[in-house]
Structures are given as C-alpha cells and as structure tokens.
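What follows is one structure encoded as structure tokens, with my remarks underneath.
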Amino acid sequence: MMPNIGVPGLIIILIIALIVFGPKKLPQLGKAVGQTLKEFKNSTKDIVDDVAEEFKLDDKVTDDKKKI
C-alpha cells in the first residue's frame with residue numbers, strides 16, 4: 001500500500017523540511033513529532049492491554065462455565 005521511502009527519499013524530505021521550516025525550527029519540530037509518536041505508542045499499548053485483559057476475563061468465565 002505505502003511504498004518504502006529509502007535513504008534518497010529521506011534526504012529529500014529533510015531538505016524540503018529545512019527549506020520550509022528553517023534551521024532554528026527544525027529541532028523543535030522533531031521534538032514535537034517525537035513526543036506525539038511516544039503518546040500515540042503509549043495509547044495504543046494501553047488499548048491493546050485493555051483488549052487482552054478482556055479476552056482473559058472472557059476465557060476465565062467460559063472455563064468456569066465448563067466446570068459447572
């Protein structure tokens with residue numbers, strides 16, 4: 001679906017970002033993107049943990065019903 005970017009593509013993207021945002025704003029932009037990705041990763045981990053916990057509870061309930 002999404003093609004691989006590769007090294008030349010990354011270099012072009014960095015050059016365009018440097019031209020658009022300038023050298024002073026680029027580190028701030030990188031930090032903001034990093035923090036956003038970190039928050040997204042933590043949120044998705046929490047959701048996956050919640051779903052896994054629900055499946056464990058469902059399995060425990062079905063096992064208890066089978067014993068009765």
Self-check item: In the range 1-53, the residues that are open to solvent by less than 100 Å² (accessible area, probe 1.4 Å) and touching a helix residue (DSSP H, G or I) at 6+ places or on another chain (Cβ under 7 Å)
Solution: ALA17, LEU18, LEU26, LEU29
Quiz item: Do the conditions hold for ASP64, that is, is it in a helix (DSSP H, G or I), open to solvent by less than 90 Å² (accessible area, probe 1.4 Å) and at pLDDT below 90?
Solution: yes
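The values are calculated or read from the model by the stated rules, or taken from the named source; none is laboratory data. None of these values were measured; they are calculated from a predicted model. Here Cβ is always computed from backbone atoms with ideal geometry, including for glycine, and neighbour counts include all displayed protein chains. The area values use the complete protein model at the heavy-atom level, side chains included, leaving out ligands, DNA and RNA. Shrake-Rupley method; radii C 1.70, N 1.55, O 1.52, S 1.80 Å.
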